[in-house]
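Below is one structure. I have some questions about it.
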Amino acid sequence: MKIRFASCALALLVLANAVGAAPLVSYFPKKDLGLFLAAKFDLASIRSSFGPRRSPTLRTFADFGMKPSKATEDALVFETPGEWLYELKIAARRDVNGDGIEDLEVCFIDQAVIPPQKERVQK
């Protein structure tokens, strides 16, 4: 049995606020965006299974001591075997709110992984 929660509506990462910026400004790296998200993505900005465990000092994957099992330019995966799978997929890099600053649209997948039960041995 798998329990899966995906929050794909729109999670915005905006690292600054500028008004009237003509050219698109970006505060995101051109390379290793997945690793950047591992360190900076604010888990308090979305609903997830982290909620009950989170405190004001635990806001990012790095704060929880988690290292990605896979990091690419458009995805980030954290696996804890037999427990949880977390994935961030970058859907788009663009100026969503029209403020001249690049935003990221991300899809966050939060999936419980329930290991198969051992078969009962009959006597």
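The values are calculated or read from the model by the stated rules, or taken from the named source; none is laboratory data. Note that this is a predicted model, so its numbers are computed, not measured. Glycine also receives a Cβ, built like all others from the backbone with ideal geometry; neighbour counts cover every protein chain displayed.
Please verify whether the range 73-94 includes one or more residues that are of a type in the set (S, T, N, Q) and without any contact (Cβ under 8 Å) to a residue 60 or more places away in the chain.
yes
Would it be correct to say that GLU79 is surrounded by 14 or more Cβ atoms within 10 Å (Cβ to Cβ) and acidic (Asp, Glu)?
Yes: the conditions hold for GLU79.
Could you list, in sequence order, all residues of the range 91-123 that are modelled with pLDDT under 90, surrounded by 13 or more Cβ atoms within 10 Å (Cβ to Cβ) and touching a Gly at 6+ places or on another chain (Cβ under 8 Å)?
Result: VAL113, single match.
Quick check on LEU76: is it in contact with a helix residue (DSSP H, G or I) (Cβ under 8 Å, 6 or more places away or on another chain) and outside any loop (DSSP other than H, G, I, E, B)?
yes
OK, next. Please work out if ALA22 is at pLDDT below 85 and either among the aromatic types (Phe, Trp, Tyr) or in a strand (DSSP E or B) (or both).
No; evaluated as a whole, the condition is false for this residue.
On to the next question. Do you know which of the residues in the range 31-54 that are part of a loop (DSSP other than H, G, I, E, B) and over 16 Å from VAL106 (Cα atoms) is modelled with the highest pLDDT?
LYS31
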